[in-house]
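In what follows, a structure is listed as structure tokens, so that the remarks can point back to it.
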Amino acid sequence: MKFKLIMALVDEQDTEAILKAAREAGCTGATVVTSARGEGLEPGKTFFGLDLSGQRDLLIFLVADQLSRDILETIAKTGDFEGKSGAGIAFQLGIEDAIGLSSQMETLSHEIEDQI
């Protein structure tokens, strides 16, 4: 089975909604790295050197290749990435090999059986 790694940088207040939407789109799990910081075209606002921008979370999903585009689009739609400047960014990378997914393989195989 082929996999993709989806990484999404999101506002911390959107994390739970995005995780729920990704699971509904076929994702079987995620890793959340909290309190990340990021900057877009314009630097964040500061007050006496203190960063006033909200915290970001890094969401990491390892998903079946057949489901990856749907999950990526679901994440973007749920986080309103295209409609709201600075809402977040998500991208996917191809995975050459993965180990440690035996507990999820049955679920993954069942979810994509009609696509293979």
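The values are calculated or read from the model by the stated rules, or taken from the named source; none is laboratory data. The shown structure was predicted, so the numbers you read here are calculated from the model rather than taken from an experiment. FYI the Cβ positions are ideal-geometry reconstructions off the backbone, even for glycines, and counts take in every protein chain you see.
Is there any pair linking a residue in segment 11-22 that is among the aliphatic types (A, V, I, L, M) to one that is part of a helix (DSSP H, G or I), with Cβ under 6 Å and at least six apart or on different chains, and which?
A17/T78; I18/I75; I18/T78; I18/G79; A21/T74; A21/T78; A22/I71; A22/I75
Which of the residues spanning segment 81-94 are more than 13 Å from the chain's Cα centre (by Cα) and either exposed (fewer than 14 other Cβ atoms within 10 Å of the Cβ) or in a helix (DSSP H, G or I) (or both)?
Those that are more than 13 Å from the chain's Cα centre (by Cα) and either exposed (fewer than 14 other Cβ atoms within 10 Å of the Cβ) or in a helix (DSSP H, G or I) (or both): E82, G83, K84, S85, G94.
Sort through T34, T78 and tell me the only one that's at pLDDT below 95 and not in a loop (DSSP other than H, G, I, E, B).
Answer to the selection: T34.
Taking D57 as the residue in question, decide whether it is surrounded by 11 or more Cβ atoms within 10 Å (Cβ to Cβ), modelled with pLDDT of 85 or more and in contact with a strand residue (DSSP E or B) (Cβ under 7 Å, 6 or more places away or on another chain).
yes
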